[in-house]
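Any read-out appearing in this document is the output of simple, stated calculations on the displayed coordinates, not a laboratory observation. Nothing here was measured: the structure is a model prediction, and the numbers come from that model. As a convention, Cβ positions derive from the backbone with ideal geometry for all residues, glycine included, and neighbour counts pool all protein chains shown.
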Amino acid sequence: MQTIRIKKGVNFYLNERDKFNTAIFQVDLVFPTNAQYFADLNLLSGLLKKHSTKFKLHQQIIDFLEKHYGANLDIDYDFFGTTADFSFTLSFVHPRLLKDSQYRFSDLINFLQEIIFDQNDRVQEFFENEKKYCKNILKDNLTDPQTLIFYQALPHYISSNQMNVPLSGTFTQLNSVKLDQVYDLWQHLLQTSCINIYYDGFTLTSENHRVIQNFLDRFFPRVGWDLSNPYYVETKPSQALIEEQRTTFKESILLQQYYLNGHARYRGEHYGAWLLFNQIFGGDSESFLFQEIREKCQLSYEVYSSLSFGLNCFYVYATLNENQFELVDQKIEDTFKKIKENAYKTDILKNAKEAIKNLLLYQNDGRLFDLEQQKMKFIVPNYINNEDLIKEIQMVTPEDLISCCEQIHPGIKMWYRGI
Amino acid sequence: MNFASENRFTIKKLKNGLTIKLIEKPNFKVFNVQLIVHFGSSNIKFRNNSIPAGTAHLMEHLLFHKKDYEIDSLFSQLGINVNAYTTYNSTDFFYTCLKRDRNYFQRSLEFLFDLVCNPYFSSEIIFKEISIIESEMKITDDDSEAQLYSKLLAQLYPGTPLETDILGTTQSLKQISSKLLQEVYDSFYQPENMVLYVCGPITMEQLLDCVEKFNLIESPKNKFDIDQYYFKKVPNILNFPHHKLVKLFYGWSLPQQYLSYQEALSFSLYLENMLGKRSYFFHKMYNQGIINDDFYYDFVVEKNFTLIYFSCLTELPKEVIYNTEMTLLSHLVSTEKFAITIKNFIGKYIQSFDSINEIAAWENDGKYNLEDAISSLDFVKKLRVDQVKETATKVFSDYQLGYTWKLIS
């Protein structure tokens, strides 16, 4: 992939490959944020998706589809630590496959800029609808036991920058947002965001290059944010034990969250060791937790561990019978001990390395992975790419995993008993 | 267009009865491999004996247990995570792996056949695995989507295996013995009743070279009849809480057991045109605040039942159901709009061949499979609006409504 830096805060990634059936043109607006804006951004995302694509610009979409096979516009809102982005992705069949699907690059740009800069006069009419919808989705999500237990854990996080709220925003936040705030936020983001443009599966002609330059000069005549702030959230789970009897769910759930002290950063230094630590702890069906708790003792159908760099925690989730909390708790402690004492066969570490390597190489073959990796490189300081990560993983020793254990400290313990 | 040459599909039947299907993707670096056994939760009879509910799913779990070694560990040596799932009509064992040397791929296939073809059913393991499945049942009970869909099927097809969840019940699982499992296994798990599906950078010749080394035993060719399930015609009285937010599942079962692939495809395009996210129906209902983006539908054509179902969050379920039915019956398809639906289908179809998982989904899509899907492109290009209307009239002529809901707030 070729990277062209157009000006500060504006990057252009070009990939002229024709291996895939799909061609993609994507524009990302990347900006720093915090929990104060979660509800606003959730609503803004809904308004951009629905009102731009389904209503005012509906006819333009239809025209576009008429011209291009399988053409599709996706508008996504993603969040990574303290950085968020809106991405506008146009995808359609690669021109080499359908001769009657030729297009001009300037059409794509024109189409996209109308969507990004659409000032829809019907927004007021739909705003309350969207607000109701966001709350309904949140209510519906909370009928899922797993989502609910994570949601209920959030207030027990100690957070110096108030990042312990759900990404959708809370009900209180959603209730208080006004349309003017959302509109002002969008204008602000258009003025200040960093812009990443991905152009995948095309050939870049000088004419196309000129069209991009005009687009940027016309609509983004400013300098983007300095995103060199580290990917780091100052949040950690408090030490608490929460036991509850649920009246609506059948399953009993154990959620044990630990905070990561020190060097744990997404794709940062020691990331390979953290991946391996999680993999052998409870990452897959070969892990200590799965083998011991499910396969050997039949205490649980679903048991796994995971790392959340957003919340700066390592956690274990298990569904189990209501009287087995202490037993599973003990098994988790035993797993830490096993890793600390290096009491396992060398094959386990070797196999885990192989599994992660496969996973990373498998990702590399994915259609959208290159784009995702470019974006993360831009957002996450000192981002380790997959190739380097594979090399790093091969170097990880049992001592590195012991070091991971030492960085993990007990946090919230939640025991929910089912009906 | 060189789409066909880039996605070469071949099918081969071995002497022992095993069917092999291959999509060659020479540019890919990964494989998707599946061993599909045509035995699912709706197979409830063999040799005039009945099979307790949940047997197929329990069998899937038990095959991962071996007498004196762990199958997961074998795959783990290759860095592969193997998994399986059970549906109404089949059990599918699958993994994805990287392109390395021939020996690596050969070994992965060897482990897959070991997983499926070497059962070990001890009473102790059966007892333990049933306790795991009971835990899985609680998770399914708490999953509102899964529950609403199961209830919808139970409502539309009472007295059939669709009335009971794929997992079975605590009572039905107790009736399963190791002897019964072995007999059921011997009947259904035979090469004649299996398909090996591979998508990736390999030719049929190379694949056959790998598979033929396994010496699968040719077993007696049992014929399994597939029972057809017809809905029971009952009057519907729509009853919902007044102005409360509910998660609604509703749908219509259809009597067309012998719907051809082309008819099913035409009807899918009709549904997308009439009820998809770009339809007049969706815009109207959205503008009125009755439904929102979570609205979706699925057209399910299984070997033994046909169903269209819908899901959404709404405070006005009666209006949603009424408007959906009226739209389905209206047959108001504009030629202009339909041309776009077709173009979009063709594009999405071609794009789906970028992903080995999406290609695999064609093979697992209920009654129809990859050889049907491969023919889609030529058929859809020639499809006319009047043909689609005619098919819609035929398919949606006799039907039975079913609905379930869960109170959200």
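Before moving on, here are some points about what is shown:
- All lysines inside 19 Å of B:Lys67 as judged from Cα atoms, apart from same-chain residues fewer than 8 positions distant: A:Lys296, B:Lys128, B:Lys179
- Sequence-distant lysines (8 or more away, or on other chains) whose Cα lies within less than 20 Å of B:Lys381: A:Lys67, A:Lys99, B:Lys337, B:Lys343, B:Lys348, B:Lys389
- Between the beta carbons of A:Thr346 and A:Gln187, assuming R0 = 45 Å, the FRET efficiency works out to 0.20 to the nearest 0.05.
- Excluding same-chain neighbours fewer than eight residues apart, the aspartates and glutamates reachable from A:Lys340 by a Cα-Cα span under 13 Å are A:Glu399, A:Asp400, A:Glu406.
- Efficiency of FRET from Cβ geometry, B:Asp209 and A:Cys297, R₀ 51 Å, rounded to 0.05: 0.75
- Beta bridge orientation in chain B: antiparallel %, DSSP, nearest 5: 90 percent
- Applying 1/(1 + (r/R0)^6) with R0 = 60 Å to the Cβ-Cβ distance of B:Leu238 and A:Thr397 gives a FRET efficiency near 0.40.
- Antiparallel DSSP beta bridges within the protein assembly as shown, as percent of all bridges there, nearest 5: 85 percent
- The residues neighbouring A:Thr170, those whose beta-carbon lies less than 15 Å from its own, together hold a net charge of +2 under the Lys/Arg +1, Asp/Glu -1 convention.
- HN-Hα J in Hz across the stretch B:78-86 - Karplus 6.51, -1.76, 1.60, θ = phi - 60°, x for Gly and Pro: 8, x, 10, 9, 9, 8, 7, 8, 10
- Amide N proximity, the stretch B:192-213 versus B:Arg8 label position 7 Å along Cα-to-Cβ, cut-off under 11 Å: B:202-206
- For the stretch B:331-409, trypsin sites (Lys or Arg not before Pro) are listed when DSSP marks them as loop and at most 14 other Cβ atoms sit within 10 Å of their Cβ; the list is B:Arg384.
- Working note: 222 nm ellipticity from helices only, DSSP H runs with n ≥ 4, each -39,500 (n - 2.57), summed and divided by the residues of the protein assembly as shown, gives -12500 deg cm²/dmol to the nearest 500.
- 20 Å reach of a label modelled at B:Ser375, 7 Å along Cα-to-Cβ, counting backbone N of the stretch B:247-275: B:256-270
- Take each residue of peptide B:129-137, count the partner chain Cβ atoms within 10 Å of its Cβ, and average: the result is 5.
- Amide N of the stretch B:12-46 lying under 17 Å from the label point, which is placed 7 angstrom from the Cα of B:Arg100 along Cα→Cβ: B:29-33
- A:Ile4 long-range amide H proximity, modeled H, under 5 Å: A:Phe12, A:Tyr13, A:Leu14
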